[in-house]
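Below is one structure; the comments refer to it alone.
The values are calculated or read from the model by the stated rules, or taken from the named source; none is laboratory data. Just so it is clear, the model here is predicted, and its values are computed rather than measured. Reconstructed Cβ throughout: ideal geometry from the backbone, glycine too, with neighbour counts over all protein chains shown.
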Amino acid sequence: MSLWPQVHDLTCVTPGQGNAYHVWVMELRSLLLSRDAEMTDVLKRAMSELGIGVFVYTMPEWAGEDLRRHKFDAVIIDCDDLPEGVDVLQAVKNTPSNSDSMAFAIVNGRTSLQAALDMGAHLALEKPISAERAKSSFRAAYGLMVSERRRYFRYDIEAPVGVSLDEKTEYAGVAVNISEGGMALKMNCVIAPKSVAQLRFTLPGSSQVQLRAVVVWSDEQGRAGVRFEQVPAAARKHLAEWFAKQEAAMGQKPAE
């Protein structure tokens with residue numbers, strides 16, 4: 001269902017220091033870049049109460065590499081007490097996987113709160129950070145993190161899809177995964193990127209859905225990714241109900 005299991009036990013090694021952080025990785029995942037062990041413990045405890053898994057990095061280059069390769073729901077960067085921390089924060093919005101992730105900046109005097117926001121942070125926290133301050137900050141951002149996760153998170157399915165590129169012909173396809181924003185298809189023909197299509201499909205255990213979509217990418221094997229563009233109210237209702245059932249089955253906490 002996901003590239004990452006819903007819950008699994010990980011040990012995140014801190015490069016060059018010989019120690020490791022033991023964390024639980026839930027459906028919501030965060031990247032924390034810091035060498036401040038005391039602050040790291042405070043933030044980990046606050047996020048664990050919300051079911052947010054934490055990957056801890058102490059090397060900016062390692063954090064930057066994984067930001068380019070993996071999706072995180074939150075990115076927390078220690079800007080002032082870590083060399084290149086500011087560079088990593090500024091780079092987050094330019095990574096395709098994390099341009100819309102919640103970005104938190106931790107500052108300690110050199111970088112102002114406003115400067116951190118101007119560099120792309122959605123929220124800036126100033127050291128020292130108390131447990132209560134950490135909890136309230138992550139709790140305030142939790143709903144936005146869940147909303148963004150719903151938009152990108154894809155559920156594996158196998159459902160027939162009718163794809164109409166004009167009013168005369170409907171092509172047969174199969175949906176292989178779906179998110180609130182789009183789906184991946186396997187077609188018996190090649191459809192060109194930027195094509196506008198009318199989709200007709202029925203999700204397992206739900207009613208038929210019809211909506212308009214745009215082809216974002218495709219290949220010569222008939223695989224394609226589409227983005228939903230115009231979703232009628234009835235279709236939106238059916239999709240919302242279906243996604244709610246999937247989240248309930250996974251034990252995902254709803255947004256507050």
Open item on the list: So for the range 115-124 (the condition being under 21 Å from the mean Cα position of the chain (by Cα), over 16 Å from Phe72 (Cα atoms), in a loop (DSSP other than H, G, I, E, B) and of a type in the set (A, V, I, L, M, F, W, C)), does at least one residue qualify?
Closed with: yes
Task: Any chance Ala141 is among the hydrophobic types (A, V, I, L, M, F, W, C) and either loosely packed, with under 12 Cβ neighbours inside 10 Å or part of a strand (DSSP E or B) (or both) - done: no
Open item on the list: part of a helix (DSSP H, G or I) and at pLDDT below 90: which single residue out of Arg68, Arg110, Arg45 fits that description?
Closed with: Arg68
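Kindly provide the set of residues from the range 161-176 that are surrounded by fewer than 18 Cβ atoms within 10 Å (Cβ to Cβ) and part of a strand (DSSP E or B), ordered by number.
Gly162, Ser164, Glu170, Tyr171, Ala172, Val174, Val176
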Task: Sole exception among (1) within 25 Å of Ser97 (Cα to Cα); (2) surrounded by fewer than 18 Cβ atoms within 10 Å (Cβ to Cβ); (3) not aliphatic (A, V, I, L, M) for Arg200, by number - done: (1)
Task: Criterion (in a loop (DSSP other than H, G, I, E, B) and surrounded by 17 or more Cβ atoms within 10 Å (Cβ to Cβ)) met by exactly one of Asn94, Asn98 - done: Asn98
- [ ] All but one of (1) surrounded by fewer than 18 Cβ atoms within 10 Å (Cβ to Cβ); (2) among the hydrophobic types (A, V, I, L, M, F, W, C); (3) not in a helix (DSSP H, G or I) hold for Ala103, so report the exception by its number.
- [x] (1)
Open item on the list: Condition first: modelled with pLDDT of 90 or more and not charged (D, E, K, R). Now tell me which residues in the range 218-237 satisfy that.
Closed with: Ser218, Gln221, Gly222, Ala224, Gly225, Val226, Phe228, Val231, Pro232, Ala233, Ala234, Ala235
Open item on the list: So, in the range 215-235, how many residues would count as being β-branched (Val, Ile, Thr), surrounded by 16 or more Cβ atoms within 10 Å (Cβ to Cβ) and not in a loop (DSSP other than H, G, I, E, B)?
Closed with: 2
- [ ] Could you tell me which residue of the range 48-57 is farthest from Gly143 (Cα to Cα), considering only residues that are outside any loop (DSSP other than H, G, I, E, B) and not small (Gly, Ala, Ser)?
- [x] Tyr57
